[in-house]
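The values are calculated or read from the model by the stated rules, or taken from the named source; none is laboratory data. Only a predicted model underlies this, so the values are computations on that prediction, with no experimental measurement involved. Quick reminder, even Gly has a Cβ in these numbers, built from the backbone with ideal geometry, and neighbours come from all protein chains shown. Surface areas here come from the heavy atoms of the whole protein model, side chains and all, with no ligands, DNA or RNA. Shrake-Rupley method; radii C 1.70, N 1.55, O 1.52, S 1.80 Å.
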Amino acid sequence: MNLGKKTRAKLHIILLFILLLSITSMMIGCTKNTEPISRTGFYFDTVIQITLYDTEDEAILDGCFALAEKYETLFSATKEGSDVWSINHGNGKPVTVSEETVSLLVTAVDYANTTEGRIDPTIRPVSELWNFRSEEKAQVPKDTAVKEALSHVSYDTIRFGVSPSEETGEPVYNTVTLQDPKAAIDLGFIAKGYIADKMKEYLLSQGVESACISLGGNVITIGEKPDGSPFRIGIQEPFAPEGTALDTVEVRNTSVVTSGIYERYFYEGDTLYHHVLDTSTGYPVDNELASVTIICESSTKADAFSTSCLCMGLEEGRQYLDRENVAYLLITKDGTQYRSENFP
């Protein structure tokens, strides 16, 4: 087909316009917002902050905080009607809960097994006596009360049961029984890590490629910053004013979790009492360690590992973490630091 010069010229102009439009669209599509959006809230007895670096969509933040509310109604031991609250008030009978609650409890029991009970999800009868959540009411309980509460601490009392799924009718593990009616569950040593992992999973499903999730001492990052630089996470100096960094680590797409005896504590006389309890005595653990920082991909694992090590002490804790092959920084009460070879 023969086209006149004017027709060919017009066609070239049209094709050039389409090409430029396509290139412009591609550039717009690839451009990411460098101004982060962030939101703060209070859940799980701690301040949480979520920062997104590559999107302006506030609805995604809404989704994250909806997850925070959801998991508080599942895992909180103090929120009336939550799954854990219902189990603790089940009077020794099976309680139907969500599959996620069962899954996290199974994981918690596994860690109790591998640490020979150094961490135990049924520690709540003892932790309630100390009341570390209230600075005004925290006090050293009577020794007789501690011993009585300690007699009800045993993860062996937890039983999982099967019942038909409401959706499919298929049998699923969705009931939990505390065979000792005076036993009670507290998932504080692992819940925030699990929730951080679930928030990361949600953000990835929404196409987020650069974000930072902070749940108190639990930080998990997605990707890196939009300019290609890593996230810089400060490690709190034990007993220094909040926000005083002893060290800073540069990370991409991983989790940094710190547990320490300085997070909740009080003095009675000259003695410091902190919230990390020894499951064999019912009193705060007493060893060389002031804080443990773990770096690994799973925030759930990092949460459990950091508390486990803090309960074990320096030498046993190092051996345990070396077997697990995770990066760690241990800080003793006198300020000495012990780093694994793979700690950044």
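What the table shows:
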{"quantity": "Range of Cα positions in segment 236-304 per principal axis (Å), largest first", "calculated": "44, 29, 17"}
{"quantity": "Solvent-accessible area per residue for the chain (1.4 angstrom probe, square angstrom)", "calculated": "52"}
{"quantity": "Helix 314-324 vs. the chain, principal-axis angle (Cα, 0 to 90°, nearest 10)", "calculated": "40"}
{"quantity": "Relative contact order (%) - criterion: Cα under 8 Å, at least six apart; region: the chain", "calculated": "14"}
{"quantity": "Listed peptides 116-128, 297-309 by packing density, highest first (mean Cβ within 10 Å)", "calculated": "297-309, 116-128"}
{"quantity": "Heavy-atom accessible surface of segment 242-298: percent carbon and sulfur, 1.4 Å", "calculated": "39"}
{"quantity": "Accessible area of Lys200 in the full protein assembly, 1.4 Å probe (Å², nearest 10)", "calculated": "20"}
{"quantity": "Net charge, Leu329 excluded, C-beta distance under 13 Å - Lys, Arg +1, Asp, Glu -1", "calculated": "-1"}
{"quantity": "Karplus (6.51, -1.76, 1.60) ³J(HN,Hα), θ = phi - 60°, over segment 93-103, in Hz, Gly and Pro reported as x", "calculated": "9, x, 10, 7, 9, 6, 5, 5, 5, 4, 4"}
{"quantity": "Once the Cα gyration tensor of segment 115-242 is diagonalised, semi-axes √(5λ) in Å", "calculated": "34, 27, 11"}
{"quantity": "Largest-first ordering by accessible area, 1.4 Å probe, given options Trp85, Trp130", "calculated": "Trp85, Trp130"}
{"quantity": "Principal axis dimensions, largest first and in whole angstrom, of the chain by Cα", "calculated": "103, 55, 39"}
{"quantity": "Filter on Lys79/Lys192; Lys70/Lys147; Lys225/Lys333; Lys147/Lys192; Lys137/Lys182 - keep pairs with C-alpha separation over 27 Å", "calculated": "Lys70/Lys147; Lys225/Lys333; Lys147/Lys192"}
{"quantity": "Using alpha-carbon coordinates, inclination of helix 191-205 to the longest axis of the chain, degrees", "calculated": "10"}
{"quantity": "Spatial separation of Cα centroids for segment 30-101 and segment 262-310, in angstrom", "calculated": "24"}
{"quantity": "Cα-based helix-to-principal-axis angle, 299-312 vs the chain, degrees rounded to 10", "calculated": "30"}
{"quantity": "Sites Thr114 and Glu341 - FRET efficiency at Förster radius 22 Å, r taken between beta-carbons, to 0.05", "calculated": "0.45"}
{"quantity": "Packing rank of 248-256, 166-174, where each peptide gets the mean count of other beta carbons within 10 Å, highest leading", "calculated": "248-256, 166-174"}
{"quantity": "Portion, in percent, of the accessible area of segment 132-189 that falls on carbon or sulfur, probe 1.4 Å", "calculated": "47"}
